[in-house]
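Note sheet for the following structure.
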Amino acid sequence: MSRILYPTREAAQLLGVGLSTAKALVKSGELRSVKIGHSRRIPAEALHEYVQRLDTEQNGEAAGGPAPAASVENVPSIH
């Protein structure tokens, strides 16, 4: 079974950013998260959505392909 939720620290590693950057993305709402008890978790799909949104914003609508960041390729899709 593939993981569908990641702790913020692991999500930061997958995105190739620091923990403080990942926390700021969550706090600003740029990176979707859920709360389970006292813990914050990032859905795997939210990582894909975030990278896709960055790709589209930076490269235009034609970019629309799979997420280019190598660090996110191994995150399983939940479609």
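Since every read-out is calculated from the coordinates, none of them should be taken as a lab result. No experiment lies behind these values; they were computed from the predicted model shown.
Proximity of backbone amide H atoms, modeled 1.01 Å from N, is registered between residue 5 and 44 at under 5 Å, excluding neighbours fewer than 5 places apart on the same chain.
Taking every alpha-carbon pair under 8 Å whose residues sit at least 6 apart, region 1-50 reaches a relative contact order of 41 percent.
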